[in-house]
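Right, one structure below, let's go through it.
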Amino acid sequence: MDTRDLSIFSAAYESSSFSQAANQLYMSPQGVSKSITKLENELGVKLFKRTTKGIAPTKPAHRLYEKATDLRVTFQSITMTKSDNNVHQEMVNLFIADDFSSYLGFDFFNDFQNKYSNKTLNFVEFPDSMLTSALMDHGNIGFIEGPIDFDQFSGFYITTNHYAAILSPNHPLANNPMINIQDLNHESLATKSKEFKIFNLHLSELVKHKVFPIHTIQTSNNDFIVEFAKRGLGVGIVPDYLLQLPHFKDLVATNQVVARPLDGATLKRDVYFVQVNGKQLTEGERLFKAYVQEFFN
């Protein structure tokens, strides 16, 4: 993946046409199509449905488009030459599983930046379907969801994020002290979408327990999941740490939503700090790795 492919993808997405994107970029439509196919092969997802009437973006395309600008900035920073200024700011590029920065919190990153003022942290979050390839192709270190492939990465365990149910106080299940997995049978759910490992892990647990909910919303946006529950449309499944963040904590405190632990199945994700095998870490990356080890010990 490179910045040019992302620019071509963005043009095709915005215009809904390979031909129009080609005109904008002074390319041939075949060249645009070839670039999109290359990007799809790298990510392992289909970005556009090709029809006789044109192209239509898929769910992975919507997600990639949301991140495309951040990705271009990240990849450009990776390839930047060193500054000629007297003070050299090493860019420490970090690739993070989607939404895990919320768990780590602002101070986690700010404290490292203050401690090492000649380093500049540059981090971007990715959905799981894109994270591994982005990290392998363009990075050295990051936080990813396990299990990890030790042929590609070495690393160490950070934490386990458990998942909780959130729902409206008026929902029939709101009176239960906890939500059993069986309670979700035929229930309307809002969950993370298929681009995330956690979706398939949760789906496996539900099938194993012969629980078949209605997936009304699948999204990368936790705010949408919370709003779904708040409006009494069903049950939202979110990581429990989300409920400790100020905005969501206030919703619970003011009884706009209630949170209940899940029982009867293990709904969780394990997160690891990893580095790519065979790549030498920069000084800043080594310092950040040591900082992570000290922080979590």
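The values are calculated or read from the model by the stated rules, or taken from the named source; none is laboratory data. Given the structure is predicted, the values throughout are model-derived calculations rather than measurements. Positions of Cβ are generated from backbone atoms using ideal geometry, with glycine treated the same way; all protein chains shown enter the neighbour counts. Only protein heavy atoms, including side chains, enter the accessible area calculation; ligands, DNA and RNA are left aside. Shrake-Rupley method; radii C 1.70, N 1.55, O 1.52, S 1.80 Å.
Note on region 165-297: Cα-only Rg and Dmax are 17.8, 55 Å. Remark: region 190-265 is approximated by an ellipsoid whose semi-axes, taken from the C-alpha gyration tensor as √(5λ), come to 22, 13, 12 Å, largest first. Among the protein heavy atoms, those of Glu40 account for about 10 Å² of accessible surface (1.4 Å probe, every chain in place). Within the shell defined by Cβ-Cβ distances under 12 Å, the residues around Glu285 carry a net charge of +2, with Lys and Arg each +1 and Asp and Glu each -1. Per-residue ellipticity at 222 nm computed for the chain from its helices equals -13000 deg cm²/dmol, with DSSP H segments shorter than 4 residues left out and the rest contributing -39,500 (n - 2.57).
Across all Cα atoms of the chain, the radius of gyration (one decimal) and Dmax (whole number) stand at 21.2, 65 Å. Take the alpha-carbon centre of region 197-252, take the same for region 105-145, and report the distance between them in whole Å. Using only Cα atoms, the two centres lie 25 Å from each other.
May I ask what percent, to the nearest 5, of DSSP beta bridges between residues of the chain are antiparallel? Show your work: numbers first, answer last.
Working: 26 of 46 bridges.
The antiparallel fraction comes to roughly 55 percent.
Neighbours of Val276, meaning other residues whose beta-carbon lies under 13 angstrom from its beta-carbon, give a summed charge of -2 when Lys and Arg score +1 and Asp and Glu score -1. Considering every alpha-carbon pair of region 100-236, the percent of pairs per 10 Å bin, from zero through the bin containing the longest distance, is 10, 32, 31, 19, 8, 1.
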